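Encoded as structure tokens, the structure appears first; notes follow it.
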Amino acid sequence: MADIIKLLPDHVANQIAAGEVVQRPASVVKELLENAIDAGASTIMLIVRDGGKALIQVVDDGIGMSPTDARLSFERHATSKIQKAEDLFDLNTKGFRGEALASIAAIAHVEMQTKLQAEELGTVLKIEGSKIISQEVGATVTGTSMAVKNLFFNIPARRNFLKSNQVELRHITDEFHRVALAHPNIAFHFHNNGSEMFNLPKSNYRQRIVNIFGAKTNQKLVPVAEETQVVKISGFINKPEFAKKSRGEQFFFVNNRFIKSPYLHHAVVSAFEGVIKPDTYPGYFLYLDVNPASIDINIHPTKTEVKFDDEHTLYAILRSTVKHSLGQFNIVPALDFEQDQNLETPYAYKNKEAELPSVAVDSSFNPFQEKVATKGAASYQKGSKVSNQSWEGLYTGLESEIGKEVAFRSMQFESDTITGSVFDEEKESLNTSSTTFQLRRKYIVTTIKSGMIVIDQSRAHQRVLYEKFLKNITVKEAVSQQLLFPLSLSFSINDRAILEEIKESLNTIGFIFGAMGDETVEIKGVPVLVSESEVGMVLDQLISDYQMEVSGNSFSQTDIVAKTLAKTLSVKTGEILESTSQTALVNDLFACKEPLVSPFNKPVYITITENDIDRKFI
Ligand code: ADP
Ligand code: MG
């Protein structure tokens, strides 16, 4: 029988390899940005059209290439970064496989312009599907420009598999964030379809984070720093109260390379245990520096996974470092998220001097309650102000943002002035003599003819607010409170896009938006139940819930909005309600259409009949 084994032609081999390296436009962006960084660039420009399907161009002012290198760089396994296998253990570059350019050139139209500093003229090279179309001498600037057009032009199946331009752009933006966060000492520009998305000047880590995610990010950041023989850790964690339901701003960088590590993620999350609500995730930007010889980044073709020599030690160090930061910056004493929300709840209940419930109950089983009980409501309010002050010291690293930040901060920390509440008026007419008492700052107990009912205060309030908001939305006559001075809030670009999507529903419940700038959104009016100081928090929650729910199966946008607002603004477990507030809540609950279940389908109250009680006494 004749021999049947053949060597694959290079262009076919390259196309196959490309499948590993280039999954989507964002992979090209990553490779090109990394090459620019390896080339020592101090300014990098990324230009994208149609979600990267039509064009991805990266322009750098790095070292450039000679005409020969320019040609060679597109060969498979052509790299200037390692010469021998041992070099792999001392990597200080992003690339080393010499595969990226060969792969990209196999599946796209590539145009490269490159020039060495010492040369007068540079090289202009065109390649389509691994075929060199032309190589010319040209007058170009020092550095390299790589334009990748018509990605997957010769693999229709892959091209059709790509998602919408919007989704691909989101992937590109994620990739861009990761690279830009790892290299604040490099200036980045990012243009999409002709308009500027990001302009990131050379800065420090903190400023880079803020420049990417918006001015309001600054107040969330808590510095982290630790240096041991195994690892140097620096960066920031977000304050616990900013933990989000959706995963998002979670970044690990190892030797300035973005990595994914579920194991290290767990270390951070476990340090936050008890400080954030279950099912929420802390944000973090953590930079680990380790000896390059102690890691293996070779295990994954796209190099976002790293194998550490001593993972267990790293886990322990990371966990305790994060814990330490939480403690050092006074986060742990204020760790009761319920309390924090307490302070921000605009609800009329809040405005009254908190009183201990008139019925003495043993609260010893609940550590959270004990803390409040010993300190008293008044003192925990004071305590929180003090910690706000100590936070101010942390803004100092951020000169250029200070102006914007001050405006936002004074808005955030403003005292909780109440701007009128529907509830207050209703309360006057209530029969306050009916018996209610609060049990363990969690339940309201009241008597009915046949016995008694035990109401979960938080769920009850959620139900009340939910129906109120739904009514606003359907009747379209939301009670909006015009702001004398419109608020200007900043949002990341992604968040702003989502805000734009849900704007209609927000209008119907009483938000009035003014101009929507690139990063800032002007707010001219807010629903009556939302106080000015919590607008930012409420909108953040809405954005993250919406992001989660659209992928889930919540049936309408208005429903998501009403639910989120109800959840965010409701009285929480652990809050003291004075007796008039208890009565008001009970009455409001039973004026609801569906008092039995919360908007999240949890039971709101239980009934214990006289019979039930009698039976216990048999
Ligand atoms: P790798 O980065 O793994 O070495 P690539 O295929 O990405 O492989 O690049 C091949 C080579 O081309 C690099 O090693 C580098 O020498 C050169 N090169 C690629 N991009 C640039 C650039 N922007 N500036 C200078 N040299 C570059
Ligand atoms: Mg590379």
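The values are calculated or read from the model by the stated rules, or taken from the named source; none is laboratory data. This structure is a prediction, so every number in the text was calculated from the model and none was measured. Cβ atoms come from the backbone with ideal geometry, glycine included; neighbour counts cover every protein chain shown.
Collect the residues in the stretch 588-618 that are of a type outside the set (A, V, I, L, M, F, W, C) and surrounded by 18 or more Cβ atoms within 10 Å (Cβ to Cβ), keeping them in residue-number order. Residues satisfying the conditions are 588, 595, 598, 599, 605. Against the test of being more than 23 Å from residue 118 (Cα to Cα), surrounded by 15 or more Cβ atoms within 10 Å (Cβ to Cβ) and out of contact with any Cys (no Cβ under 8 Å at 6 or more places or on another chain), the options 92, 14 yield a single qualifying residue, 14.
Collect the residues in the stretch 14-25 that are within 11 Å of ligand 1 (Cβ to nearest atom) and among the β-branched types (Val, Ile, Thr), keeping them in residue-number order. Within the stretch 14-25, just 21 meets the criteria.
For the stretch 76-111, a tally of residues being more than 26 Å from residue 253 (Cα to Cα) and within 7 Å of ligand 1 (Cβ to nearest atom) returns 2.
Inspect the stretch 115-126 for any residue being among the acidic types (Asp, Glu) and within 16 Å of ligand 2 (Cβ to nearest atom) and give the result as yes or no.
Checked against the condition, which is being among the acidic types (Asp, Glu) and within 16 Å of ligand 2 (Cβ to nearest atom), the stretch 115-126 yields no hits at all.
Restricting 19, 64 to those that are more than 14 Å from ligand 2 (Cβ to nearest atom), in the same structural domain as residue 149 (by TED's automatic domain parsing) and either of a type in the set (A, V, I, L, M, F, W, C) or closer than 27 Å to residue 169 by Cβ (or both) reduces the list to 19. Considering the stretch 56-75, the residues that are part of a helix (DSSP H, G or I), crowded, with 16+ Cβ neighbours inside 10 Å and not hydrophobic (A, V, I, L, M, F, W, C) include one that is nearest to ligand 1 (Cβ to nearest atom), namely 71. Do we have residue 70 as within 14 Å of ligand 2 (Cβ to nearest atom), in contact (Cβ under 8 Å) with a residue 24 or more places away in the chain, in the same structural domain as residue 182 (by TED's automatic domain parsing) and among the small types (Gly, Ala, Ser) here? No. Against the list (1) crowded, with 16+ Cβ neighbours inside 10 Å; (2) among the basic types (Lys, Arg); (3) within 34 Å of the chain's Cα centre (by Cα), the condition residue 163 fails is (1).
The set of residues in the stretch 89-110 being over 19 Å from residue 21 (Cα atoms) and more than 14 Å from ligand 2 (Cβ to nearest atom) consists of 89, 90.
Got a sec? Which of 456, 518 is closer than 17 Å to residue 587 by Cβ and among the charged types (D, E, K, R)? First the steps, then the outcome.
Numbers: 518 fails: closer than 17 Å to residue 587 by Cβ.
Checking each option against the conditions leaves just 456.
Take the conditions within 19 Å of residue 54 (Cα to Cα), free of Cβ contacts under 8 Å to residues at least 40 places away in the same chain and basic (Lys, Arg) and apply them to residue 149. Does it pass?
Values: within 19 Å of residue 54 (Cα to Cα): yes; free of Cβ contacts under 8 Å to residues at least 40 places away in the same chain: no; basic (Lys, Arg): yes.
The answer is no for residue 149.
Of the strands (runs of 3 or more DSSP E) contained entirely in the stretch 506-618, those carrying at least 3 residues that are within 19 Å of residue 481 (Cβ to Cβ) fall at 512-516, 520-527.
Considering the stretch 76-88, the residues that are more than 13 Å from ligand 2 (Cβ to nearest atom) and among the charged types (D, E, K, R) include one that is surrounded by the most Cβ atoms within 10 Å (Cβ to Cβ), namely 87.
The single residue among 48, 28 that is at pLDDT 95 or above, more than 11 Å from ligand 1 (Cβ to nearest atom), assigned by TED's automatic domain parsing to the domain that holds residue 157 and among the aliphatic types (A, V, I, L, M) turns out to be 48. Here residue 53 fulfils each of the conditions (1) surrounded by 16 or more Cβ atoms within 10 Å (Cβ to Cβ); (2) within 13 Å of ligand 1 (Cβ to nearest atom) apart from (2). Reported count of residues in the stretch 31-43, each being of a type in the set (D, E, K, R) and more than 9 Å from ligand 2 (Cβ to nearest atom), is 0. Within the stretch 44-56, restricting attention to residues that are more than 24 Å from the chain's Cα centre (by Cα) and within 16 Å of ligand 2 (Cβ to nearest atom), the residue that is nearest to residue 163 (Cα to Cα) is 56.
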